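Report on the following structure.
Read-outs throughout are calculated quantities, based only on the coordinates presented, and are distinct from any laboratory measurement. As the structure is a computational prediction, the values presented were derived from the model and not from experiment. All Cβ positions, even for glycine, are placed from backbone atoms using ideal geometry, and neighbour counts span all protein chains on display.
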Amino acid sequence: MNTNTSSPGAGGLALELRDVRKSFGKTEIIRGASLAVKEGERVALIGPNGAGKSTLFNLISGRMGISSGQILLHGQRIDGHKPYDVNRRGLARSFQVSNLFPRLSVYENLRCGVLWSMGEGYSFWKALSGCKAVNDRTEDLLEMLRLDKRRNTPVSSLTYAEQRALEIGVTIAGGGNVILLDEPTAGMSKSETARFVNLIREVTVGKTLLTVEHDMGVVFGLADRIAVLVYGEVIAFDTPENVRANDRVKEAYLGSVLADQQAAEAGV
Amino acid sequence: MDHNIPRYSFKPINLGRWVIWSLFAIILLGAPMLFTSSLAMTMLSKMGIAIIICLSYNMLLGQGGMLSFGHAVYSGLGAFAAIHALVKAADGSWNIPVSLIPLVGGFAGWLVAVILGSVTTRKSGTIFAMITLGVGAMVFSMSLMLPEFFGGEGGISGNRVIGDPVMGITFGPQIQVYYLIAVYCFICTAAMFAFTQTPLGRMLNAVRDNPERVEFIGYDTQRVRYIAFMIAGFFAGIGGGLHAINDEIVTAEVVGPEYSGLYLLFTFLGGALFFFGPILGAVLLVFATVLLHELTKAWLLYLGVIFLMMVMYAPGGVSSLIMMNVRVAAFGLLRKLWTAYLGLGGSALVILAGVAVMVEMVYHIKLNEALGPMMTFMGVELDTHGVDAWVGAAFVTLTGVGMFEVTRREFVRQWGQAQEEIENEIRRRESH
């Protein structure tokens, strides 16, 4: 496993999009998006509302089929594959709105996320209590997510921040090496966000990360590179400094966002 | 993190679980010694069978979120396979002991589930429910088209007393059949409970809660549903096989919508949220179909009303009512509620009395007109043509409704208070 995260680019490509297109009826939402994410790299996907960020995530994770183009995971085609197949190949995603198992406890939610990766499959001839590797991994996750005190609480009684943490936990539970996070910090307070970014950094050590994010503080703090999606196209994909300086990005999106943010900060 | 330190204590014997399963075994063993009449024996046998079938149904409904309207297809075809096996065993063409005939039913139920489940379990939710309804109707209509297999109007009969007795067991007396059912009931219940504690059993819960997310953690939801469906079919078939041995006759209605409906209804009444719910449901099923059925011609009406009340006020069924009160009791708050319960129970009985008088009078007028206008209800002479009885019954009902509403409001208030206290207590314990 690549643990040297400080030098992205050492390995090959973890995730590659080649001229991906997606139409709903006559409307083309993704218009030839291309992206090449290196192993171990942290990439933030930004763009105005309606740019197609969530759609792009749905295409990559197999939730929706693409209209044309190619998606490759570690050099292998995954477009047209079922979500569970994409997941088994090492790509895991989270959801913008917490998408958990509401009647199961925190512990069981995480354990469900672990089961497949530990080779338990559809087995009904052995007891869960005897799956030691699964249970150990689940305990580790509980600790890592700081949810150990809530282990037997059903999801429906968790606080919002805890649900968001569990959402990430279920995503990383299967040990996938390419992680897609869809607005992980949405709806959180400033202090919660700061803590949460640390958590994300911690649990994705050594993994390739692609995250949709609106909070520019998070984006510039977390990402090695930033991809800017506007009207279904990746118009820029570069380091934070270069993206900030990019005229096209400023014009299309970032200019207004940064201005807003500065205004907001000045107002405080 | 250090993997050498065990972070959770290893419990080789779970005492509570041992107690519960021992109790279950003792009840199964001891029931026929306590209730010795032939009616009781019949009912106990039917309960054992219904427990297996309702538990297998709950594998779909409660654990997998699959609302099937055709579960009798699997238990019923299992019953037919078993009765054919019984006939074959009797004429000597198959060499199979009667005690293993239920497994023939189980195998048949599994096989049918393999075939039909491959279609039904592709979908979930409403579409799944609709398909099972269609499949149920299809199989039931086939029972009329294939009299060779289903025996037409008269059904297929067999004889469970075959060959030489093994250790004195002939399966002639009902008590011997009961114990055969009891043994199967215990093993199947244990096996189905064990299933809930396996990786597939847990993923089935996950599929129930959120099928979409399951796809993103590596599991094919259709496959999870399909395997569970096959296992449910197997256990339903065993129940059907026991039914064949118990009744020594199987008619087409056992695959029909009425049986499917009863399994659904009573699994729900017992409670789909807890593993033991369907066991209570199965016991209620036998009480309703045997006793209530004998007591009054309007039994389906009463059943419908009970079901309606349950769906509205206690959608978790009897088992969740019990568990909610156990929780309150565990925090020592149950004693505060017993007066409210007394009030609720009392006023409910008043309503029941009023409504029952009216229902029985209607049935008397419609069905027993030849016997004249007079009828007796609970030892009281009533003139069904007179105004007095009707006004009286209506008055009793309305009084009951009024009392019930008053006590219900008070109860809801007290219940809410108790829940609040429990929540506070839990929070206090967590922070320590």
Under the rule a/c < 1.5 gives rounded, and otherwise a/b versus b/c splits prolate from oblate, where does the range A:1-121 land using the Cα gyration tensor? oblate
Tell me, what are the semi-axes, in whole angstrom and largest first, of the equivalent ellipsoid of chain A as set by the roots of 5 times the Cα gyration tensor eigenvalues? 31, 23, 17
Chain A: antiparallel bridges as % of DSSP beta bridges, rounded to 5, reads 60 percent
From the phi angles alone, apply the Karplus equation (6.51, -1.76, 1.60; θ = phi - 60°) to the range B:294-310 and give each ³J(HN,Hα) in whole Hz, x where the residue is Gly or Pro. 6, 6, 8, 6, 8, 4, 5, 5, 4, 4, x, 5, 4, 4, 4, 4, 5
Could you work out the helix-only [θ] at 222 nm for chain A, with each DSSP H run of four or more residues adding -39,500 (n - 2.57) and the total divided by the number of residues, to the nearest 500 deg cm²/dmol? -10000 deg cm²/dmol
Work out how far the C-alpha atoms of chain B reach from end to end along every principal axis, then list the three figures in whole Å, largest first. 79, 67, 46
Given 20 °C and 1.002 mPa s, how large is the Stokes-Einstein diffusion coefficient of the range B:236-291 in µm²/s, with Rh as the Kirkwood radius over Cα pairs? 178 µm²/s
Calculate the tail of P(r) for the range B:1-146: the fraction of all Cα-Cα distances greater than 19 Å, expressed in %. 68 percent
Kindly rank A:152-159, B:250-257, B:34-41 from highest to lowest mean number of other beta carbons found within 10 Å of each residue. B:250-257, A:152-159, B:34-41
Neighbour counts of other C-beta atoms within 10 Å: give me B:V119, B:V214 arranged from fewest to most. B:V119, B:V214
Could you tell me which of rounded, prolate or oblate describes the range B:153-250, using a ≥ b ≥ c as the square roots of the eigenvalues of the alpha-carbon gyration tensor, with rounded for a/c under 1.5 and, failing that, prolate when a/b is larger than b/c and oblate otherwise? prolate
What's the average, rounded to a whole number, of partner chain beta-carbon atoms within 10 Å of each residue's beta-carbon in A:127-137? 3
Inter-part gap, Cα centre of the range B:344-415 to Cα centre of the range B:99-147, in whole angstrom, is 42 Å
If you take the Cα atoms of the range B:30-94, find Rg, then find the Kirkwood Rh from the mean of 1/r over all pairs, what is Rg/Rh? 1.12
Non-local residues with an amide H under 5 Å from the amide H of A:V230, with H modelled 1.01 Å from N and Pro and chain starts lacking one, are A:I235
Rule-of-thumb check for the range B:331-431: C-alpha Rg over 2.2 N^0.38 Å? 1.64
Build a GNM of chain A with springs between Cα atoms under 10 Å: which of A:Q163, A:Q76, A:Q96 gets the top mean-square fluctuation? A:Q76
Expressed in nm to one decimal, what extension gain is obtained for the pair B:N368 and B:M323 from 0.36 nm per residue of sequence separation less their Cα-Cα distance? 11.8 nm
At 10 °C in a medium of viscosity 1.306 mPa s, the protein assembly as shown has a Stokes-Einstein diffusion coefficient, with Rh taken as the Kirkwood radius over alpha carbon pairs, in µm² per second, of 54 µm²/s
Using a Gaussian network model on chain A with a 10 Å cutoff between Cα atoms, which of A:A186, A:A236, A:A127 fluctuates the most? A:A127
For the range B:335-348, in residue order, the Karplus 3J(HN,Hα) values (coefficients 6.51, -1.76, 1.60; θ = phi - 60°; whole Hz; Gly and Pro = x) are 5, 6, 9, 5, 5, 4, 4, 4, x, 4, x, x, 5, 5
Taking chain B as a Gaussian network, where each spring joins two C-alpha atoms under 10 Å apart, which residue of B:A81, B:A228, B:A137 fluctuates the most? B:A137
Modelled FRET efficiency - R0 56 Å, A:E251 with B:M145, Cβ distances, 0.05 increments: 0.15
Give, as a single signed number, the net charge of other residues whose beta carbon lies under 14 Å from the beta carbon of B:F377, with Lys and Arg counted +1 and Asp and Glu -1. -3
Provide a whole-number value for the mean count of partner chain Cβ atoms within 10 Å of the Cβ atoms in peptide A:109-121. 5
With θ set to phi - 60°, apply the Karplus curve 6.51 cos²θ - 1.76 cosθ + 1.60 along the range B:98-112 and write out the HN-Hα couplings as whole Hz, x wherever there is a Gly or Pro. 4, 5, 9, 4, x, 5, 4, x, x, 4, 5, x, 5, 4, 4
Which ordering of B:I27, A:I172 is given by a fewest-first count of other beta-carbon atoms within 10 Å? B:I27, A:I172
